[in-house]
Every structure is written in C-alpha cells, then in structure tokens.
Amino acid sequence: MQIVETLGFGQTGWGGLLLMAALMTLCVTLTALLIGAVLGAVVAAAKLSQSRAIRTAGGVYTTIFRGVPELLIIYLVYFGGSSAVTMIGAYFGYDGFLGLPTFIAGALAVGLICGAYQAEVYRGAFLAIPRGELEAAEAIGMNRLLRFRRIIAPQVLRFALPGIGNVWQLSLKDSALVSVTGLADLMRTSQVAAGSTRQYFLFFIVGGCLYLVLTSMSDRLFASAERRASRSMPAGIGQI
C-alpha cells in the first residue's frame, strides 16, 4: 500500500511527476533528433563532396562528436553557452549572469552528438543507392533538384530508417545526461524522488522501467516504419 501511495497520482504521489518527466525526456530526444537530422544531412553531404577540404571538415565534426564523452559535450554547451549569453548581455549593458535555458542546452548538446551519428547513417544510405539509377536519371536530363526529390531523398530515407532507429535509442539514453543541467527529465525526477523519500531502489527501478517502456515503444514504431517503407522496394535493393 505504501508503494502504491508513493507512486500514485495523489498529493503525496510521484506518479504524475514521473510521467511528465518521461514526456520531457521524449521532447528533448525528439528535438535533438531533428537538430541532428539537419546537421547530419549537411555533414553527410560534406563527406560525400568532391572537395577534399569539405570532406575533411565533415570528418573532423564526426570524429569530435563521436569521440568526445557525451557528458563533456553537455557541460561545454551548457556552461560555455551560458558564458556566451552572459557576455552578450554584458555588451548590451546587462549586469549579471544569464544562464542558457536547460532544455535548449540539453537538446542542442544531444543534437550535436546525434548529428555526428546521423551523418554516417545518411552517407551509408546514399552509397546504397544503385549507381545505375543515378546515371540513368542524369542521362535523361534530370537536374540535381529533381534527382534529389525523385530518386535520392526517398531511397536515402528508406535505407537510413534502421540506422535512425538506432540513433534515436542512443539519443534517448544520452538524454539522461541532460539531468546534470537541472532539467526535470526522467533521470533528474527519479533522483529527486529517491532523495526526497529515501527509497532509492524503488525510484531508480521505476525510472529504468519507464526508459524500457520508451525504448520498447520506439522499437515497435521504427519496425513498423521499416516494414511500410520496404513494401515498394524490390528484394535485395540496398543490400551489400
């Protein structure tokens, strides 16, 4: 009965706060995935460029954000971003510390990491497109924009779906590190609840179970999307 009251939705229960924290975790991860999609597409294009300098720049980005610990990147974005905002405020006459909003800092940091992994996913998906299709499109006079819209983009999205699903799961777990900024995500709320009630085992188990629910639901959604995307693809296309 004590556990039911503690995890319930009453005045003394933590159930509502935990569910709101799980929603916050989803929002951070989704925002980070969108940021990473934009960055990943740009970096993938850079790594596929014919220019050596542009390819090098893309390689440097992926090397840094896949090689540096995620927590360090979050610290750099949050505290470094807050310092930059404070300097800008001082330039305009504001005397005091200006902190970067925790949601923005967390989503941006995870998005930067996510972008490095998505870049490799998109690059691999582009390389999986049969070269003959691109050559045929060029031969019949398709311009670059039309080739991208009719041939490249649809197939890249199809081939990239499994990889994007893995990146989503990675970002969902990385979002737990955003709790160090004070954002009331699932990890942070579990810590606060555990410290307030002294029931550390209970709340960390509940937090872990909620993360498993989120990842399991995500697996089902991506698996369904992959099945739908592969219906119109001939067997063997994209397989190396």
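Restricting attention to the stretch 125-137 and to residues that are of a type in the set (A, V, I, L, M) and more than 18 Å from Lys47 (Cβ to Cβ), the residue that is surrounded by the fewest Cβ atoms within 10 Å (Cβ to Cβ) turns out to be Ala136.
Give me the residue from the stretch 154-163 that is crowded, with 21+ Cβ neighbours inside 10 Å and free of Cβ contacts under 8 Å to residues at least 60 places away in the same chain and, out of that set, nearest to Phe79 (Cα to Cα). It comes out as Ala160.
For the stretch 190-206, check the following and say yes or no: at least one residue is within 21 Å of the chain's Cα centre (by Cα), hydrophobic (A, V, I, L, M, F, W, C) and outside any loop (DSSP other than H, G, I, E, B).
no
Determine if the stretch 48-58 includes at least one residue that is within 26 Å of Leu214 (Cβ to Cβ) and surrounded by 18 or more Cβ atoms within 10 Å (Cβ to Cβ). Taking every residue of the stretch 48-58 in turn, none turns out to be within 26 Å of Leu214 (Cβ to Cβ) and surrounded by 18 or more Cβ atoms within 10 Å (Cβ to Cβ).
Screening Leu183, Leu177, Leu170, Leu202 for residues that are more than 21 Å from Pro101 (Cα to Cα), surrounded by 18 or more Cβ atoms within 10 Å (Cβ to Cβ) and touching a residue at least 12 places away in the same chain (Cβ under 8 Å) leaves exactly one candidate, Leu202.
Residues are listed down the side, and each one gets a yes or a no for (1) among the small types (Gly, Ala, Ser); (2) surrounded by fewer than 17 Cβ atoms within 10 Å (Cβ to Cβ):
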{"position": "Arg123", "(1), (2)": "no, no"}
{"position": "Ala139", "(1), (2)": "yes, yes"}
{"position": "Phe148", "(1), (2)": "no, yes"}
{"position": "Ala194", "(1), (2)": "yes, no"}
{"position": "Leu212", "(1), (2)": "no, yes"}
{"position": "Ser230", "(1), (2)": "yes, yes"}
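Taking each residue of the stretch 110-130 that is in contact (Cβ under 8 Å) with a residue 12 or more places away in the chain and within 30 Å of Val180 (Cα to Cα) and looking for partners that are among the charged types (D, E, K, R) and in a helix (DSSP H, G or I) with beta-carbon atoms closer than 7 Å, six or more apart or interchain, yields Val110/Asp174; Ile113/Glu70; Ile113/Asp174; Ala116/Arg66; Tyr117/Arg66; Ala119/Lys47.
The numbered conditions (1) without any contact (Cβ under 8 Å) to a residue 60 or more places away in the chain; (2) surrounded by 20 or more Cβ atoms within 10 Å (Cβ to Cβ) are all true for Met24 except (1).
Of the residues contained in the stretch 73-82, one or more are found to be in contact (Cβ under 8 Å) with a residue 60 or more places away in the chain, under 30 Å from Leu221 (Cα atoms) and of a type outside the set (S, T, N, Q). Restricting attention to the stretch 42-58, does a residue exist that is under 19 Å from the mean Cα position of the chain (by Cα) and closer than 17 Å to Leu183 by Cβ? Among the residues of the stretch 42-58, not one is under 19 Å from the mean Cα position of the chain (by Cα) and closer than 17 Å to Leu183 by Cβ, which makes the answer no.
Let's see how each residue does on (1) touching a Gly at 6+ places or on another chain (Cβ under 9 Å); (2) over 30 Å from Phe203 (Cα atoms); (3) at pLDDT 95 or above:
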{"position": "Gln2", "(1), (2), (3)": "no, no, no"}
{"position": "Thr6", "(1), (2), (3)": "yes, no, no"}
{"position": "Cys27", "(1), (2), (3)": "no, no, yes"}
{"position": "Thr31", "(1), (2), (3)": "yes, no, yes"}
{"position": "Leu39", "(1), (2), (3)": "yes, yes, yes"}
{"position": "Ala46", "(1), (2), (3)": "yes, yes, yes"}
{"position": "Gln50", "(1), (2), (3)": "no, yes, no"}
{"position": "Tyr61", "(1), (2), (3)": "yes, yes, yes"}
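The values are calculated or read from the model by the stated rules, or taken from the named source; none is laboratory data. Model, not experiment: these values are computed from the prediction. Cβ: placed from backbone, ideal geometry, glycine included. Neighbour counts: every protein chain shown.
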